[in-house]
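S.K.: For reference, the structure I am asking about is given below.
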Amino acid sequence: MMFFLLNLNDQNLYKDRVIAQIKKEYLPLFELKDMRYVNGALTRFYRLPNSVNSVLNSQNIKSVEGLILGKITPKAIEFGLDRIIVIYFNSEVDVYKIVRDLESTGMFEYVEPWFIYKMDIVPNDPLISNQWHLPKIQAFNAWDITKADNIVVAAIDGGVAWDHPDLGGIIWNNLGEDVNGNGKTLIFNGSTWQFDPGDLNNVDNDGNGFIDDLIGWDFYGNDNNPKPNPCNATYDDHGTHVTGIMAAWTNNSVGVAGEAWNAKAMAIQTGACGFIFNAINGTYYAANKGAKIINHSYGGPNYNNAAITALLYARSMGANNYAAAGNEGVDVGSSPRYPCCYNNATICVAATNQGDQKPSWSNYGSCVDVSAPGDFVYSTAWNSSSNSFIYAAYSGTSMASPSAAGVGAMIKAANPSLSVDDIDTLLICSTDNIDALNPSYAGKLGSGRVNMFKAVRMAKFAGVSVLKVRVDDSNYNNNQRAEVGEQVKLFLTISNPRCYRNASNVSLQLINNDPNITVIDGNINVGNLNMEQTIEPADFFEVSISGSQPRFWDFKVKVNSVPQNADTIINLRLIIGFPKILVVDADTLTNFETYYTSALDSLNKVYELVRFNEPQLFRSNTREIIIWHTGNRSTNVLTSAERDSLVAWLNSGKKLFISSQYLAEDPIGSQFIQNYLGANIIQTGIQYKTIVGETGDPVGNGLKFRLVNPDGAQNANSDDNIAPNNPNSRRAFRWTGVTGSGDYGGAVVYQIPCKTVFLAGPFEAISNTQTGWNKREEFMSAVLNCFISSSDEVGLIPFGIYPYVKNSQILIKYHFKQAQNLNISLYSVNGYRIYESEIKSAQYGIHKIPIKSKGIYILKVNEKTYKLINN
């Protein structure tokens, strides 16, 4: 077979043919002169009317054929696929002149070249031995909910090594061609997979226009064997790799796992040698034979009417299309690429790496709907030189597109009643936003990286969640805070987010394990809660509170609904009383506050999280410590209102820990640093990756941290070099790993011993998994220990006991890594025991022993003895 190719802007087309769609009113003029099977595919031959022949003049026309092979369905006629013809010439022609000449007749909807598209793979050696993309998209959790049983997927590609040991068992069988009635058209003969000999009869048994299409069709060689043609070792197994990502045989003790567990893969070949020649017929065939997920890992810059018609036809048949965004590293919003940029016809997929970042080669832009793993993705492969079955890791948006398609198959399996529009919406709805990890491409990588678990949950379940718990204590002090001694009503604001299923018969049940909480009424009846609906039911929980405060009350709410809720048990936390620690979320756009609250949780601290626009909450006299962070907020980092609130706070004698990598670059923030945080700004906007505590400093001594690794926020983009600016401030940490010479301050403590701690970088970026380095909670513990040890009211000494005498009291401060029992005894200098106590499960806190007389005392705590003097 000879092809005449012209290179056009890194795009190819045939130089011996053009495609045209006949207008309906002129169709009778194009005589159907013959219809016969050619190499097993039903083909239609037409005669051009004289008016068309006349404009072609002396061009040597070889044949005029219908573009679509096989049977033309009634729906295909609705889309005008029956009116698309291909005019073949015996030699090369000026394609664009032919297009213009035919358009001048007025008999065609459009005339265009037959474009050939490149496969979107970036070859790489197989450097990894596992499928990192599966845990990244939470496939394992999704498989606990559903499998993709019998969902048919298809790759419009360069063929499939369908006899691969990890593919043969999942290849789609066309039972319309099952002549011997054994329920199979592909069988395993004990050593390899083969066509069932009993089904090969050279007859089009299912009447679809293709003879013996047992597992699909080869539209490149026009035969019934869609196995790749050895041509270009780089691309020969492209379709095999793509198919394996979508649907490799899973749980068979062999090789790899496909995303769409138990799906069936239709084998279709539409090209070879790295090019796709006949995607239109492949798409049409796949849709007609029941494929619900169709992948297109190819593309180019030329818009093609016939191609988009085929894609829209597939959607009308219930198939979702997924297309690779391309590997040129360009913005496809300004330089469109097809089929990726056919709006409303395909889901366009960009690629991500293991860190959820866009590789340099992946395209991006407004055409992109979602991103998916595409860098070093491990899957089934085929060595065309030796005809051997292997596994390999390849990179490209060719790998990302089938990853998104695999998620689409799982969505369809979770809820078969969903329309193609519903499936697209769910895929886009359920992604994890990765803009923060790709700031240069924010808004250009679609809605985010696909998440199979979230997508399947949305498809199958209702999504009732609790957004807020409102406390009604109007019978007491009416401060909307649950406190000891009160019997309060709890009103829940609940929501069913976009993309989850509508919920009916919703009811909520309170589950309580706190002995100091008495449940008076633990049931709320809701009724119906539709998708995107948020309400506060009139019904409420009612509880009575005893015990100590401040503290957390952790309780559960069981959700009953039809369909079942995604989370049948919702964990909630209510603050009893007013904690001394406030975490102020001033990052505005991200959820970095979780890095701070998780550190406090690990220290068993009671705290309250407030937003930066709620200053009234941290002006309460019961508050002692503010933890303030700004995350990636790089403009208006500190407003005048925020500054005034913080100044008022500090002037009232309270403590502040502030973490910000952009505060020094902000006009108001830089003044605040110099006037209230005791630091001068030496240098801004430099990236540091490690920070080490100063020897002997109460906060930094013995500590070191790395601001890298995916377990942190990965946002250390603009750290600053700061220095103490007066005798009452000191440097607690210094940056290390900095290029060049110099002394780089990373954190300053002001008003010794501790009133403010300023970290000129993002606390949230600290790694908790670097061997030999400290964790975030240890940084937080050091800060809080410094704050509290400078207070007369409470005290913590790191991981030990520190007793001292003050105001006729012995204060025993303790802090242990793990809780332990404390046996406390106090003796006079003569050896008489004057006090004895036991504290069970002590971890941190202060114990007070009143003493009336001056003199020397002997304190014994467990096995340690201390000599104390009361002057």
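S.K.: Cross-link partners among lysines for K184, C-alpha distance below 20 Å, same-chain residues fewer than 8 apart left out?
M.R.: Once the sequence-local lysines are set aside, what remains near K184 is K227, K264, K289.
S.K.: OK, next. If neighbour count is taken as other Cβ atoms inside 10 Å, put Y14, Y476 in order from fewest to most.
M.R.: With the fewest neighbours first, Y14, Y476 line up as Y476, Y14.
S.K.: Under a cut-off of 21 Å between alpha-carbon atoms, report the lysines in cross-link reach of K15, not counting same-chain residues fewer than 8 places apart.
M.R.: K62, K97, K118
S.K.: So how much slack lies between T769 and Y832, counting 0.36 nm per residue of separation and subtracting their Cα-Cα distance, in nm?
M.R.: Working: separation 63, 0.36 × 63 = 22.68 nm, distance 5.08 nm.
Length gained between T769 and Y832: 17.6 nm.
S.K.: Next question, about the same structure. Going by Cα centres, region 338-396 and region 193-208 are how many Å apart?
M.R.: 34
S.K.: Positive end of the dipole of the chain, charges at C-beta (+1 Lys, Arg; -1 Asp, Glu), about the Cα centre: which of G66, V606, Y857 has its Cα farthest in that direction?
M.R.: Y857
S.K.: Report the relative contact order of region 465-573, percent, no decimals, based on alpha-carbon pairs under 8 angstrom and at least 6 residues apart.
M.R.: Numbers: 256 pairs, mean separation 31.8, N = 109.
Relative contact order comes out at 29 percent.
S.K.: In what order do E838, E593 fall by count of nearby beta-carbon atoms within 10 Å, going from fewest to most? Walk me through the intermediate numbers first.
M.R.: Values: E838 10, E593 20.
Listed from fewest to most nearby Cβ atoms, that is E838, E593.
S.K.: Over region 5-117, what is the relative contact order in percent, taking alpha-carbon pairs closer than 8 angstrom and at least six residues apart?
M.R.: 40
S.K.: If you place +1 on the Cβ of every Lys and Arg and -1 on the Cβ of every Asp and Glu, how big does the dipole about the Cα centre of the chain come out, in debye to the nearest 20?
M.R.: The dipole magnitude comes to about 2960 debye.
S.K.: In addition: Kirkwood hydrodynamic radius, region 269-311, all distinct C-alpha pairs: what's the number in Å?
M.R.: Hydrodynamic radius (Kirkwood, Cα only) of region 269-311 equals 11.1 Å.
S.K.: Arranged from highest to lowest average of other beta-carbon atoms within 10 Å per residue, in what order do the peptides 154-163, 18-27 appear?
M.R.: Averaged packing, sorted descending, gives the order 154-163, 18-27.
S.K.: Among G678, S645, G696, which residue has its Cα furthest toward the positive end of the charge dipole of region 627-700, with +1 on Lys/Arg Cβ and -1 on Asp/Glu Cβ?
M.R.: S645
S.K.: In addition: Out of N189, V111, A76, whose Cα points farthest toward the positive end of the dipole of region 63-195 (charges: +1 Lys, Arg; -1 Asp, Glu; placed on Cβ)?
M.R.: N189
S.K.: In debye, nearest 20: dipole of region 581-789 around its Cα centre with unit charges on the Cβ of K, R (+) and D, E (-)?
M.R.: Once rounded to the nearest 20, the dipole reads 380 debye.
S.K.: Out of [x] 57.6; [y] 46.3; [z] 51.1, which label holds the value of mean projected area of the Cα convex hull in nm² that was computed here?
M.R.: Recomputing mean projected area of the Cα convex hull in nm² here gives the entry labelled [y].
S.K.: Which three lengths, in whole Å and largest first, does region 152-231 cover when its Cα atoms are put on their principal axes?
M.R.: 33, 30, 22
S.K.: Calculate, for A723 and D331, the FRET efficiency according to 1/(1 + (r/R0)^6) with r their C-beta to C-beta distance and R0 45 Å; round to the nearest 0.05.
M.R.: Working: r = 43 Å, r/R0 = 0.95.
That gives a FRET efficiency of 0.60.
S.K.: Order 83-90, 503-510 from most to least packed using the mean count of other Cβ atoms within 10 Å.
M.R.: 83-90, 503-510
S.K.: Also: If we count every other residue with Cβ under 12 angstrom of D82's Cβ, Lys/Arg +1 and Asp/Glu -1, where does the sum land?
M.R.: Value of the local net charge: +4.
S.K.: When the helices in the chain are scored as -39500 (n - 2.57) per DSSP H run of 4 or longer and the sum is shared across all residues, what 222 nm value do you end up with, to the nearest 500 deg cm²/dmol?
M.R.: -5000 deg cm²/dmol
S.K.: R0 = 22 Å: FRET efficiency of S440 with V708, Cβ-based, nearest 0.05?
M.R.: 0.70
S.K.: Antiparallel versus total DSSP beta bridges in the chain: what percent is that, nearest 5?
M.R.: 75
S.K.: Something else now. Rounded, prolate or oblate: which one fits region 581-789, using the alpha carbon gyration tensor with axes a ≥ b ≥ c (rounded when a/c is under 1.5, else prolate when a/b beats b/c, else oblate)?
M.R.: Verdict is rounded for region 581-789.
S.K.: Relative contact order for the chain: what percent, with Cα pairs under 8 Å and sequence separation of 6 or more?
M.R.: Computed over the chain, the figure is 7 percent.
S.K.: Sequence neighbours fewer than 8 away in the same chain don't count; with that in mind, list the lysines whose C-alpha is under 25 Å from K848.
M.R.: Within the straight-line cut-off, K848 pairs with K580, K605, K654, K655, K755, K806, K813, K817, K840, K860, K864, K867.
S.K.: While we're here: Listed highest first by mean packing, meaning other Cβ atoms within 10 Å per residue, what order do 266-274, 237-245 come in? Each step should come with its number before you reach the end.
M.R.: Values: 266-274: 26.3, 237-245: 32.2.
My ranking of the peptides, most packed first, is 237-245, 266-274.
S.K.: Between N513 and S546, take the C-beta separation as r, use R0 = 25 Å, and let me know the FRET efficiency to the nearest 0.05.
M.R.: Details: r = 15 Å, r/R0 = 0.59.
Efficiency at R0 = 25 Å is approximately 0.95.
S.K.: Another question, then. So what's region 28-163 giving for Cα Rg divided by 2.2 N^0.38 Å, two decimals?
M.R.: Cα Rg divided by the expected 2.2 N^0.38 Å: 1.58.
S.K.: I need R730, R470 ordered by Cβ neighbour count within 10 Å, fewest first.
M.R.: Numbers: R730 19, R470 13.
Result, fewest neighbours first: R470, R730.
S.K.: Let me ask you something else. I want the antiparallel fraction of DSSP beta bridges within region 581-789, as a percent rounded to 5.
M.R.: 50
All of the numbers you see were taken from the coordinates with simple rules; none came from a lab. Just so we're clear, the structure is a prediction, and the values are computed from it rather than from any experiment. Note that we place each Cβ from the backbone using ideal geometry, even for glycine, and neighbour counts take in every protein chain shown.
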